[in-house]
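Participant: Quick one: structure below, then a few questions.
The values are calculated or read from the model by the stated rules, or taken from the named source; none is laboratory data. These numbers come from a predicted model, not from an experiment. Here Cβ is always computed from backbone atoms with ideal geometry, including for glycine, and neighbour counts include all displayed protein chains.
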Amino acid sequence: MQRPDWAPETIDIERPSVARMYDYYLGGSHNFAADRAAAQAMVAAVPEAPLMAQANRAFLRRAVHYLTGMGVRQFLDIGSGIPTVGNVHEIAQHDAADSRVVYVDVDPVAVAHSREILAGDDRAVVVQEDLRNPERILAHPEVRGLLDFDQPVAVMVVAVLHFVSDEDDPARILRTLRDALAPGSHLVLSQASDDGRSEEERAEAERVYRRTDNPLWVRSRAELTAFFDGFTLVEPGVVWVPQWRPESPDSAEDAERAVFMGGVGRLGG
Amino acid sequence: MAEPAAAVQARSRPGTFARAWAKAVSGTSFLPMTQEQLEALLQRLTDDLAAALLAEPFDLRPGHRVGTELVAHHIASAEGLGRTVEVVQLRLVRDLGLVADDVEDRMARLLAAVATGYARALRDRTLDEQESIRRAVMKARTQAERALRDSEARFRHQATHDPLTDLPNRVLFTERLTAALNEPGRGARRVGLCFLDLDRFKVVNDSLGHQVGDRLLAAVADRLRRALDGHLVARLGGDEFVVLVEGTGGTDDVVAVADAALAAVGEPALVDGHELSVTASIGIVERQIAGTTPGDLMRAADSTLHWAKAAGGARWELFDAERNRRELARYALSAAIPAALERGEFYLDYQPLTSLRDGRLLGVEALVRWRHPELGVLRPDSFIGLAEETGLIVPLGGWVLAEACREAEGWSAHGGSAPFVSVNLAVRQVHRPGLVQEVRGLLERTGLPPERLQLEITESTMMSTTEEPVRALRVLADLGVRIAIDDFGTGYSNLAYLRDLPVTELKVAGEFVAGLRAPAVEPASRTDERILASLVSLAHALDLTVTAEGVETARQAERLRAIGCDAGQGWHFGRPAPARRILERIG
C-alpha cells in the first residue's frame with residue numbers, strides 16, 4: 001500500500017523502521033526504543049539477524065569495490081537506509097574519488113539523516129522515493145542531475161527487495177530500471193532468502209516484520225536469479241552473500257546463516 | 001614461541017598476536033574494512049600497548065587512546081571490548097615475549113585504561129548518534145509539515161481557482177465578497193460589482209470550436225487581470241466574469257472599472273490565427289455595504305447584466321432598483337398564472353364591433369381579465385406580455401378561446417344574426433401544431449357555428465417563413481372561421497401575405513383613428529385620413545372588410561363612415577363589459 005501523493009507523511013518514531021532496525025543490527029545507535037524492541041524480537045526469532053546484516057553490509061562493500069575495479073563510477077543505491085558505517089560513497093570515493101552516488105530511500109528520517117551526512121559532498125545526493133516507483137526515481141531531477149545514463153551505472157538493490165511484495169511486481173521494477181541503463185551497467189541485488197530455513201523460523205521472522213511498515217517477502221535462489229533477467233551474472237552467480245567473492249576462505253563458512261542471498265549482474269557489452 | 005621484541009618489528013607485517021586479536025573481534029559488529037586493513041590497524045595498536053607496558057615512567061594515556069581508536073574504527077560493541085580484554089590479557093605478554101618486573105600489575109592498569117577509553121568513546125558515539133537521528137527526525141518532520149502546507153496551499157489554490165484562466169473562481173469570489181461586506185477595510189462603506197459576459201461567445205465556440213473558445217477566454221482573462229489590476233477579477237463559469245470593486249466612493253468608481261473592462265475585452269485578440277473581435281456586456285451594481293448581502297449584490301448585478309444584453313450588448317448598465325422591483329413583480333405575476341387558471345381567476349369581457357353603416361352589433365372582441373386576489377382586476381396589458389415571454393400564453397390563450405366559444409354559443413339573435421366573437425391568437429398559439437384540431441374540437445363541443453368565430457392574428461405572426469401556420473389558417477378559413485389581421489398598419493405591413501392568406505378583415509390600429517379627432521383642416525389629421533382612406537380602398541379591392549379600432553368620438557365615427565370604413569370599435573360604441581350587458585343592447 002503506497003502512500004498517495006496527496007496524503008501527508010507522518011513521522012512516527014513509535015513505529016519501528018526497517019532502516020533503523022538495520023542500523024541496530026550493525027551496532028549503530030541511530031535508532032529508537034521501538035526499533036530496538038522490534039530488532040530484539042527479530043533476534044529472538046532468528047538469532048543470526050545481526051550477523052546477516054553485517055554479512056550483507058560486507059557484501060555491499062565487496063560489490064562496490066569490485067565495481068570500481070571494473071571502472072564503474074556511478075552508483076544508484078535504492079533502499080539505502082540509515083547511512084551508517086561503510087556507505088557506498090565512502091567505499092567508492094575511497095577507490096575512485098570521482099565516483100558519483102545517488103541514494104534513494106522511502107523513509108523520510110533516513111533521507112533527512114543522509115542529507116546531513118552528505119552535506120558538502122557534491123558527488124553524492126539523496127532523494128526520497130519508493131523503489132516501487134522506478135519511473136519516478138529515473139525521472140527525478142536530482143538523479144538525472146548527478147548520473148549520466150549514457151554511461152555505466154551500478155544500480156544497487158541491496159537488502160530491500162524483500163520489502164516489495166509479489167503484487168508490486170519486483171521483476172517489472174527491475175526491468176524498468178534495466179531499460180534505463182547503458183551497456184556496462186550493473187545490478188547489485190541481495191535479499192532475504194528462505195532457502196534452507198524452517199517453516200517456524202520463516203513464520204516468526206514474518207511476524208516481526210509485519211509490525212513494521214514493511215512486511216517481509218523472502219524468496220528462493222531461483223527467484224533471485226530470475227531477477228537478473230537481461231543481465232549476465234558475474235561469478236559466482238547468486239549465492240549466500242558471504243560466499244560472494246570472499247576476502248578469505250574462512251569468512252564464507254556457515255554462509256547460509258547469513259540469510260541473505262545476492263549477486264552482481266552486468267548489462268550487455 | 002616468543003616473537004622478537006615488538007618495538008623492532010613494529011609497523012611491519014601483523015604478528016601472531018594482531019591476527020589473533022583481529023580474529024577475536026571479527027563478527028562482533030560490522031567492520032567497514034577488509035581483514036587485511038583490520039589486522040594492520042590492530043598491529044599498530046598492539047605496538048602501542050607493548051610500548052606502554054614497558055615505558056618508563058608508566059603512562060596510562062596510550063591505553064585510553066587504544067580504547068578510543070578501537071571505537072573510532074567501529075570495533076564498537078560490548079563483545080568487541082570483552083574479546084579485546086580477554087585476548088590482550090591472555091596473549092599479549094606471551095606472544096610478544098615482553099619482560100618487565102611489574103608486568104602483571106601494569107597489564108591490569110593498562111587494560112583498565114583501554115576499557116575506560118573504550119567505554120567513554122562508545123558512550124560519546126552513542127550520544128552523538130542518538131542526537132543525529134533525533135535531528136534527522138526533526139528535519140523530516142519539518143519537511144513533512146512543509147510538504148503538507150504546500151500541498152494544502154496547492155489544494156486551496158485548485159479549489160479556489162479556475163483551471164482554464166487561473167482566475168479566482170466562484171468559491172473564492174464569494175469568500176472575498178462576503179469578507180468585503182463583513183469586514184470592510186479602512187472604514188470602507190460602499191462596494192461595487194461588475195458582472196461581465198461576452199456577447200455572442202457561443203458563436204465563437206460553435207463556429208471555431210471549443211479550443212479556440214477556451215483560448216479566447218484565457219486571453220480575455222489575461223487582459224482583465226492586467227487592466228483591472230488591484231480589483232478581484234473572477235471567472236464564474238462559461239464566459240461570465242465578475243469584478244469586485246472595494247471601497248468605492250460612488251457609482252462613478254465602478255463605471256470607470258466597467259469602461260476599462262469593456263476596453264480591455266474590445267481589443268482584437270489573435271487566437272490560433274483567427275483575429276477575434278469580441279464585445280462584452282456588464283451589469284453594474286454599487287451600493288452601501290450596510291444592509292446588503294452577497295446574494296443581493298450578485299442577483300442585482302446579474303439582472304443588470306441581462307438589461308445590458310437585452311439593450312444590444314457592448315455596454316454597461318447600472319442597476320436600477322425601481323426597474324428591478326417592476327421586473328420582480330412581473331416575474332411573480334407570471335409565475336402565478338398557472339395556479340390562477342386552475343382557480344378560475346380569469347374571466348372575459350367583450351367589446352362591441354359595430355357596423356358604421358347601420359349601427360348594428362356585428363361582433364364582439366373577447367378581452368381577458370384577471371381577478372387577482374391581491375392586486376384586484378388586472379387588464380391584459382399587465383400580464384399578456386409576460387405570458388407570451390414565458391410561454392404561458394399557450395394555456396391561457398387556449399382557455400380564452402374555449403371560454404369565448406362556450407359563451408358565444410349561448411347568444412341568440414333577436415331578429416338578426418347573432419354577433420361573432422373575435423379572439424386574439426398569440427404567435428405561439430398560431431405556430432403550435434395542434435391549432436386546427438383545437439379549434440375544430442371546440443366548435444364541435446360548443447356547437448358554435450364556425451362563421452361566428454373570428455381569430456385575430458398580428459402581422460408579426462406572419463413574419464415566420466414557415467408554411468405550417470399559413471396552412472393551418474387556411475384550413476380554419478375553409479371551415480368558415482373568420483381571420484382578422486389585428487393592429488394593421490403598425491407593424492410589418494408586408495402586403496404579400498394578404499395574397500396568400502384567407503383573411504376576411506383588417507383591423508386598423510387606433511393610432512390612425514386618433515388623428516381623426518382633430519378638425520379635418522389640421523395637416524396631421526388630413527394625413528391620417530388619407531392613409532385610412534387608402535387602406536379602406538385597398539381592403540375593399542381585396543374583398544376585405546375594415547374595422548377601425550379606438551373610435552372614441554362621434555366625429556371620428558362620422559369621418560370613418562364617410563371614408564367607407566365598415567365597422568368601428570372603441571369607447572364611442574361601448575366599453576368592454578360582461579357578455580350579458582353587451583347583449584342587453586341588442587335584446
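Participant: Taking only the range B:27-43 into account, find how many residues are more than 8 Å from chain A (Cβ to nearest Cβ) and acidic (Asp, Glu).
Facilitator: Here the count works out to 1.
Participant: Moving to a separate point now. Just give me the residues in the range A:114-128 being within 14 Å of chain B (Cβ to nearest Cβ) and either more than 17 Å from the chain's Cα centre (by Cα) or in a loop (DSSP other than H, G, I, E, B) (or both), in sequence order.
Facilitator: Selection gives A:ARG115, A:GLU116, A:ILE117, A:LEU118, A:ALA119.
Participant: How many residues, within the range B:405-433, are at pLDDT below 90 and assigned to a loop (DSSP other than H, G, I, E, B)?
Facilitator: 11
Participant: Taking the condition under 16 Å from B:LEU198 (Cβ atoms), at pLDDT 90 or above and surrounded by fewer than 17 Cβ atoms within 10 Å (Cβ to Cβ), does B:THR279 pass?
Facilitator: yes
Participant: Among B:GLY313, B:GLY273, which is among the small types (Gly, Ala, Ser) and within 20 Å of the chain's Cα centre (by Cα)?
Facilitator: From the options B:GLY313, B:GLY273, the qualifying one is B:GLY313.
Participant: What number of residues in the range B:358-390 are part of a loop (DSSP other than H, G, I, E, B) and out of contact with any Phe, Trp or Tyr (no Cβ under 7 Å at 6 or more places or on another chain)?
Facilitator: Summing the residues that are part of a loop (DSSP other than H, G, I, E, B) and out of contact with any Phe, Trp or Tyr (no Cβ under 7 Å at 6 or more places or on another chain) in the range B:358-390 gives 7.
Participant: Hey, another quick one. Which residues, counting only those in the range B:223-271, are touching a residue at least 40 places away in the same chain (Cβ under 8 Å) and among the charged types (D, E, K, R)?
Facilitator: Residues satisfying the conditions are B:ARG223, B:ARG225, B:ARG235, B:ASP239, B:GLU240, B:GLU246, B:ASP253, B:ASP259, B:GLU267.
Participant: Restricting attention to the range B:534-587, which residues are outside any helix (DSSP H, G or I), under 56 Å from the mean Cα position of the chain (by Cα) and hydroxyl-bearing (Ser, Thr, Tyr)?
Facilitator: Correct list: B:THR545, B:THR547.
Participant: Being closer than 17 Å to A:MET52 by Cβ and of a type in the set (A, V, I, L, M, F, W, C) is the filter here, so list the residues in the range A:152-176 that pass it. Steps first, answer last, please.
Facilitator: Within the range A:152-176, the subset closer than 17 Å to A:MET52 by Cβ is A:157-163.
Matches in the range A:152-176: A:VAL157, A:VAL158, A:ALA159, A:VAL160, A:LEU161, A:PHE163.
Participant: So, in the range A:139-177, how many residues would count as being among the hydrophobic types (A, V, I, L, M, F, W, C), in a loop (DSSP other than H, G, I, E, B) and surrounded by fewer than 24 Cβ atoms within 10 Å (Cβ to Cβ)?
Facilitator: 3
Participant: Okay, moving on. Please determine, by comparing only the residues of the range B:115-158 that are among the hydroxyl-bearing types (Ser, Thr, Tyr) and more than 12 Å from A:ALA112 (Cβ to Cβ), which one is farthest from the other protein chains (Cβ to nearest Cβ).
Facilitator: That would be B:THR116.
Participant: Here is a follow-up. For residues in the range B:73-88 being within 19 Å of B:ALA50 (Cβ to Cβ) and of a type in the set (A, V, I, L, M, F, W, C), which is nearest to the other protein chains (Cβ to nearest Cβ)?
Facilitator: The extreme case among them is B:ILE75.
Rundown of residues vs (1) of a type in the set (D, E, K, R); (2) surrounded by fewer than 17 Cβ atoms within 10 Å (Cβ to Cβ); (3) more than 22 Å from B:ASP543 (Cβ to Cβ), yes/no style:
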position	(1), (2), (3)
B:VAL430	no, no, yes
B:GLU444	yes, yes, yes
B:PRO449	no, yes, no
B:LEU506	no, no, no
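Participant: Here's a follow-up. Is the range B:94-110 home to any residue that is more than 60 Å from the chain's Cα centre (by Cα), closer than 20 Å to B:GLU39 by Cβ, surrounded by 12 or more Cβ atoms within 10 Å (Cβ to Cβ) and within 14 Å of chain A (Cβ to nearest Cβ)?
Facilitator: No - not one qualifying residue is present in the range B:94-110.
Participant: Okay, moving on. Is it the case that A:VAL111 is touching a residue at least 60 places away in the same chain (Cβ under 8 Å) and within 13 Å of another protein chain (Cβ to nearest Cβ)?
Facilitator: no
Results for (1) out of contact with any Gly (no Cβ under 7 Å at 6 or more places or on another chain); (2) more than 20 Å from B:GLY97 (Cβ to Cβ); (3) among the hydrophobic types (A, V, I, L, M, F, W, C); (4) crowded, with 21+ Cβ neighbours inside 10 Å, shown as yes or no for each residue.
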site	(1), (2), (3), (4)
B:THR34	yes, yes, no, no
B:ALA40	yes, yes, yes, no
B:LEU53	yes, no, yes, yes
B:GLU56	yes, no, no, no
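Participant: OK, next. Looking for something of a type in the set (A, V, I, L, M, F, W, C), more than 39 Å from the chain's Cα centre (by Cα) and either part of a helix (DSSP H, G or I) or over 22 Å from B:THR545 (Cα atoms) (or both) - is there at least one such residue anywhere in the range B:458-470?
Facilitator: Filtering the range B:458-470 down to residues of a type in the set (A, V, I, L, M, F, W, C) leaves B:462-463, B:470.
Then keep just the ones that are more than 39 Å from the chain's Cα centre (by Cα); that gives B:470.
If we keep only those that are either part of a helix (DSSP H, G or I) or over 22 Å from B:THR545 (Cα atoms) (or both) as well, we get B:470.
Yes, the conditions are met somewhere in the range B:458-470.
Participant: OK, next. Taking the range B:69-93 as the search range and keeping residues that are buried (at least 19 other Cβ atoms within 10 Å of the Cβ) and among the β-branched types (Val, Ile, Thr), which one is farthest from B:GLY27 (Cα to Cα)?
Facilitator: B:VAL93
Participant: Check every one of the helices (runs of 4 or more DSSP H) wholly within the range B:94-211 and list those with 3 or more residues that are of a type in the set (Val, Ile, Thr) and closer than 30 Å to B:GLY291 by Cβ.
Facilitator: B:170-182
Participant: Could you list, in sequence order, the residues of the range B:28-63 that are modelled with pLDDT under 90, within 21 Å of A:GLU90 (Cβ to Cβ) and not polar (S, T, N, Q)?
Facilitator: Listed by number, the residues that qualify are B:PHE30, B:LEU31, B:PRO32, B:MET33, B:GLU36.
So that you can scan it fast, the table gives a plain yes or no per residue for (1) modelled with pLDDT of 90 or more; (2) surrounded by 15 or more Cβ atoms within 10 Å (Cβ to Cβ):
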| position | (1), (2) |
| --- | --- |
| B:ALA144 | no, yes |
| B:HIS161 | yes, yes |
| B:LEU167 | yes, yes |
| B:PRO184 | no, yes |
| B:GLY187 | no, no |
| B:LEU196 | yes, yes |
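Participant: Additional query: Anything in the range A:77-94 that is in a helix (DSSP H, G or I), within 12 Å of chain B (Cβ to nearest Cβ) and in contact with a helix residue (DSSP H, G or I) (Cβ under 7 Å, 6 or more places away or on another chain)? List them, or say none.
Facilitator: Those that are in a helix (DSSP H, G or I), within 12 Å of chain B (Cβ to nearest Cβ) and in contact with a helix residue (DSSP H, G or I) (Cβ under 7 Å, 6 or more places away or on another chain): A:VAL88, A:ILE91.
Participant: All but one of (1) within 14 Å of another protein chain (Cβ to nearest Cβ); (2) crowded, with 19+ Cβ neighbours inside 10 Å; (3) in a helix (DSSP H, G or I) hold for A:TYR66, so report the exception by its number.
Facilitator: (2)
Participant: Can I ask one more? Could you grab the pairs with beta carbons closer than 8 Å, sequence gap of 6+ or different chains, first residue in the range A:22-33 and under 12 Å from A:ARG57 (Cα atoms) and facing chain B (nearest Cβ under 7 Å), second one among the basic types (Lys, Arg) and assigned to a helix (DSSP H, G or I)?
Facilitator: From residues that are under 12 Å from A:ARG57 (Cα atoms) and facing chain B (nearest Cβ under 7 Å), the pairs are A:LEU26/A:ARG57.
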